[in-house]
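Let me begin by presenting the structure, written as structure tokens, before commenting on it.
The values are calculated or read from the model by the stated rules, or taken from the named source; none is laboratory data. Note that the coordinates shown come from a computational prediction; the quantities given were computed from them, not determined experimentally. The protein model used for the area step is the full one, side chains on, heavy atoms only, and it has no ligands, DNA or RNA in it. Shrake-Rupley method; radii C 1.70, N 1.55, O 1.52, S 1.80 Å.
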Amino acid sequence: MKKTFLLVPLAIILVMSLFLVSCEDEPEIKTYKVTFLKDKGDTTPYDEKTVLEGTGITEASKEPTDDGRIFEYWKLVDGESKYDLNTPVKSDLTLVASWKIKEFTVSFICGDGAENVPPAQTVEFEGKATEPAIKPTRTGYEFSHWAVSENSEDA
């Protein structure tokens, strides 16, 4: 009978300790929202990701596109330099795309034997080439005007 008196309290203690261990709070897994904006003033996100605390960010689902600009990298909204996407995230974060204006080369083609051919010009998207001060010369021909070539991509 003494053994029963000892076993019952021990069994109760064992059951209670198992209950206390199983009731411990699970550690909270923190996540943060990373918002990608196409431009600084945007109100609609280009993309959003949920990131585990302490991990880096995967890129937005795809690089943003724009007719007159080339995507370069992601940066903090108030930053200028490229954001390192491997930096462990510790809070909600907003990144904005950094862009480079597209540039095009305008070449002046004057035909075989032409002299004084003007140099090519680099023109930004929606910009205009300036008429060269140099007029080409070619024996037996008189220069009339510049025209867009039928073979150009934008003709």
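Worth pointing out:
- Exposure ranking of L95, L52 by accessible area [1.4 Å probe, largest first]: L52, L95
- At the residue level, I29 shows approximately 130 square angstrom of accessible surface with a 1.4 angstrom probe and all protein chains present.
- Subtracting the Cα-Cα distance of V77 and D112 from their residue separation scaled by 0.36 nm leaves 7.3 nm.
- The alpha carbons of segment 84-153 give a radius of gyration and a Dmax of 21.9, 74 Å, in that order.
- Links that overshoot a 28 Å alpha carbon limit, given the list K33/K102; K38/K102; K62/K128; K62/K100; K30/K62; K30/K100: K33/K102; K62/K128; K30/K100
- Estimated at the nearest 10 Å², the accessible area of D84 is 80 Å² with a 1.4 Å probe.
- Solvent-accessible area per residue for segment 56-100 (1.4 angstrom probe, square angstrom): 62 Å²
- For D47, nonlocal amide neighbours, meaning residues 5 or more places apart or on other chains whose placed amide H falls under 5 Å from its own, are F36.
- Taking the DSSP bridge list for segment 32-99 and keeping only pairs wholly inside it, about 75 percent are antiparallel.
- Solvent exposure, largest accessible area first (probe 1.4 Å, DNA, RNA and ligands not counted), of F104, F125: F104, F125
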